[in-house]
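Remarks on the structure that follows.
The values are calculated or read from the model by the stated rules, or taken from the named source; none is laboratory data. Remember, it's a predicted structure, so these values are computed and weren't measured experimentally. Heads up, the Cβs are rebuilt from the backbone with ideal geometry, glycines too, and the neighbour counts pull from every protein chain shown.
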Amino acid sequence: MSDNKSNAVSKCRVCGAGIAAFMSFGRMPIANGFLRAEEIADEYFFELAPAFCESCTMFQIVEQPDPKKMFHENYAFFSSTSRHMQTHFAGFAKAVIDKHLSGRKDPFVVELGSNDGIMLRNFHALGMRHLGIEPSVNVADVARGHGINTISEFFGPQLADKVVAEYGQADVIQCANVMCHIPDLPGVAAGVTRLLKPDGVFIFEDPYLGAMIEKTSYDQIYDEHVFIFSVTNVARAFALHGLELVDAEPQTTHGGSMRYTLAPKGSRTVSANVATLLQKERGQGLDRPEIYAQFKRNCEKSRTDLMSLLEDLRRQGKRVVGYGATSKSTTVTNYCGITPQHVEFISDTTPIKQGKLSPGAHIPVKPYAEFERAFPDYALLFAWNHATEIREKEQAFIAAGGRWITFVPDVKIVS
Ligand SMILES: [Zn+2]
């Protein structure tokens with residue numbers, strides 16, 4: 001175990017009020033830190049513990065690992081490898097163009113965390129002025145290879161000023177599954193207010209807190225997700241920077257996401273969706289601590305149920321294989337205490353993960369061909385957010401007598 005340089009906070013990253021963890025998922029490795037056997041001795045751990053800020057209602061993890069451990073040069077998550085996400089981002093881009101850019105003269109679109117250009121290619125194809133900001137150099141290179149104008153820097157007020165000097169202010173600033181990764185939310189908000197035109201919009205989407213609480217999908221909580229957003233906490237966080245939440249639209253991606261549209265205060269009519277969702281969240285209790293105490297109990301029950309099922313199957317000598325070596329699965333395997341005695345291996349189609357071990361739990365990751373070669377009795381569905389596509393695809397597994405184990409929203413066996 002490496003020395004742990006603690007990045008734990010005792011104050012809310014958004015409003016500065018005192019915060020404390022309401023539960024702990026225990027000692028946790030880097031979620032995407034798939035490793036070789038010889039690297040086990042140096043594996044890095046931190047404590048994964050979420051907190052709820054009673055002052056501004058932001059949900060956040062207390063300690064985040066050293067970013068250098070998380071976003072090293074081998075870090076290569078290419079958005080475009082998922083056809084489902086390609087379709088989703090084409091739809092996102094179309095909505096942005098239809099609602100905010102049509103009729104504008106020579107509009108300029110900026111994307112934060114633009115990855116390999118999966119979303120900006122839709123603007124590029126229409127000849128629109130665009131700029132991707134992608135700190136991962138190797139990922140940015142791929143985007144540039146597709147003709148997407150990209151710079152590799154971290155976004156904040158300084159970079160915002162530099163971009164304005166070179167390109168002018170932006171009509172739209174957008175990002176997807178990026179805002180929740182950035183600890184310095186005030187810095188990004190300050191940058192956005194400088195870069196955005198007075199009649200521009202800032203649009204982002206991320207996994208949704210309301211869905212996570214409702215489904216006990218605690219595997220949304222891992223090192224990269226420093227915040228889990230709700231309509232309530234986004235409205236409050238950005239109001240501190242003069243940005244008003246003018247729309248919020250639920251999305252089905254990542255097991256339940258929300259798309260937020262913000263604009264300089266008073267510049268736009270606020271959609272009725274905002275009031276409706278704020279009221280729904282008050283009804284759910286997302287703005288009060290009690291719901292998080294309940295969430296903790298729900299997580300503990302989920303863990304107990306999953307482990308008693310896996311223990312039963314192990315005693316019966318059944319073969320269980322994990323399906324999808326996702327970042328999210330790291331929280332589940334480590335929090336629950338799943339070992340290679342419970343799950344023989346995890347099947348995954350990503351070449352860079354194959355032949356390695358899962359972080360912390362050290363379950364071998366094997367190519368998909370291994371899953372097909374000899375179907376197990378049970379497949380533990382780590383990629384539960386893609387359950388519909390996966391269950392459609394894997395009909396031969398079911399025909400051979402295989403069964404799925406799911407744990408969101410409840411632990412159960414399904415065919
Ligand atoms: Zn706060």
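Could you please find all residues in the stretch 248-280 being at negative phi, part of a loop (DSSP other than H, G, I, E, B) and free of Cβ contacts under 8 Å to residues at least 40 places away in the same chain?
Correct list: THR252, LYS265, THR269, VAL270, SER271.
Give ASP223, ASP219 a once-over and let me know the one that is within 20 Å of the chain's Cα centre (by Cα) and part of a loop (DSSP other than H, G, I, E, B).
On inspection, the qualifying residue turns out to be ASP223.
Which of the following residues is closer than 25 Å to LEU209 by Cα, modelled with pLDDT under 95 and out of contact with any Lys or Arg (no Cβ under 6 Å at 6 or more places or on another chain): PHE154, PHE89?
Within the list PHE154, PHE89, the selection yields PHE89.
Of the residues in the stretch 46-64, how many are β-branched (Val, Ile, Thr) and either touching a helix residue (DSSP H, G or I) at 6+ places or on another chain (Cβ under 9 Å) or assigned to a loop (DSSP other than H, G, I, E, B) (or both)?
2
Listed residues ARG268, ARG288; which is in contact with a strand residue (DSSP E or B) (Cβ under 8 Å, 6 or more places away or on another chain) and at pLDDT 95 or above?
ARG268
For the stretch 330-356, what are the residues that are assigned to a helix (DSSP H, G or I) and among the charged types (D, E, K, R)?
LYS353 - this is the single residue of the stretch 330-356 that is assigned to a helix (DSSP H, G or I) and among the charged types (D, E, K, R).
Checking the structure you have, find out if any residue of the stretch 157-170 is among the small types (Gly, Ala, Ser) and in contact with a His (Cβ under 7 Å, 6 or more places away or on another chain).
Within the stretch 157-170, not a single residue is among the small types (Gly, Ala, Ser) and in contact with a His (Cβ under 7 Å, 6 or more places away or on another chain).
Residue by residue through the stretch 357-396, note down the ones that are of a type in the set (A, V, I, L, M, F, W, C) and either buried (at least 21 other Cβ atoms within 10 Å of the Cβ) or assigned to a strand (DSSP E or B) (or both).
LEU357, ALA361, ILE363, VAL365, PHE371, ALA379, LEU380, LEU381, PHE382, TRP384
Just checking, how many residues over the stretch 204-242 are more than 16 Å from the ligand (Cβ to nearest atom), closer than 24 Å to VAL163 by Cα and either modelled with pLDDT under 95 or surrounded by fewer than 23 Cβ atoms within 10 Å (Cβ to Cβ) (or both)?
Taking the stretch 204-242 and keeping what is more than 16 Å from the ligand (Cβ to nearest atom), we get 204-208, 210-225, 242.
So of that shortlist, the ones also closer than 24 Å to VAL163 by Cα come out as 204-205, 242.
If we keep only those that are either modelled with pLDDT under 95 or surrounded by fewer than 23 Cβ atoms within 10 Å (Cβ to Cβ) (or both) as well, we get 242.
Final tally of qualifying residues: 1.
Residue by residue, here is whether (1) at pLDDT 95 or above; (2) under 20 Å from the mean Cα position of the chain (by Cα); (3) assigned by TED's automatic domain parsing to the domain that holds HIS225; (4) away from the ligand (no atom under 16 Å from the Cβ) holds:
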residue: SER6; (1), (2), (3), (4): no, no, no, yes
residue: CYS15; (1), (2), (3), (4): yes, no, no, no
residue: MET28; (1), (2), (3), (4): yes, yes, no, yes
residue: GLU47; (1), (2), (3), (4): yes, yes, no, yes
residue: SER55; (1), (2), (3), (4): yes, no, no, no
residue: GLN60; (1), (2), (3), (4): yes, yes, no, no
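Can you name the condition, by its number, that ILE182 falls short on among (1) in contact with a Ser or Thr (Cβ under 7 Å, 6 or more places away or on another chain); (2) under 30 Å from HIS386 (Cα atoms)?
(1)
Would you mention how many residues in the stretch 19-45 are part of a loop (DSSP other than H, G, I, E, B) and of a type outside the set (D, E, K, R)?
Qualifying residue count for the region: 13.
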